[in-house]
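Below is one structure, written out as structure tokens, with a few remarks after it.
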Amino acid sequence: MDKDRIEGSVKEIKGKIKEVAGKVLGDAKLETEGKADQVAGKVQNAAGGVKDTLKGA
């Protein structure tokens, strides 16, 4: 498993926590940052998946 997949998953989880915290605290900026982190994590995870596929080919 590529390290980008692991780091991407961690980034997604942190983003979700930020988003929920932003909603609970009424902090729109924190909520938006959380959503952005989730997207970045998904992209990084996908890139890691591509690397894994290329290594297996």
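Bear in mind that the values in this text are calculations on the coordinates, not laboratory data. As the structure is a prediction and not an experimental result, all values here were calculated from the model. Note: ideal-geometry Cβ built from the backbone for every residue, glycine included; neighbour counts use all protein chains shown.
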Exercise for review: Select from region 1-17 the residues that are more than 14 Å from the chain's Cα centre (by Cα) and outside any loop (DSSP other than H, G, I, E, B) and list them in ascending order.
Suggested key: none
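Would you say GLY48 is under 9 Å from the mean Cα position of the chain (by Cα), small (Gly, Ala, Ser), part of a helix (DSSP H, G or I) and surrounded by 13 or more Cβ atoms within 10 Å (Cβ to Cβ)? Please lay out each step first, then the result.
Numbers: under 9 Å from the mean Cα position of the chain (by Cα): no; small (Gly, Ala, Ser): yes; part of a helix (DSSP H, G or I): yes; surrounded by 13 or more Cβ atoms within 10 Å (Cβ to Cβ): yes.
Here the answer is no, as GLY48 does not meet what is asked.
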Review point. Residue check: is VAL20 exposed (fewer than 15 other Cβ atoms within 10 Å of the Cβ), under 8 Å from the mean Cα position of the chain (by Cα) and assigned to a helix (DSSP H, G or I)?
Key: no
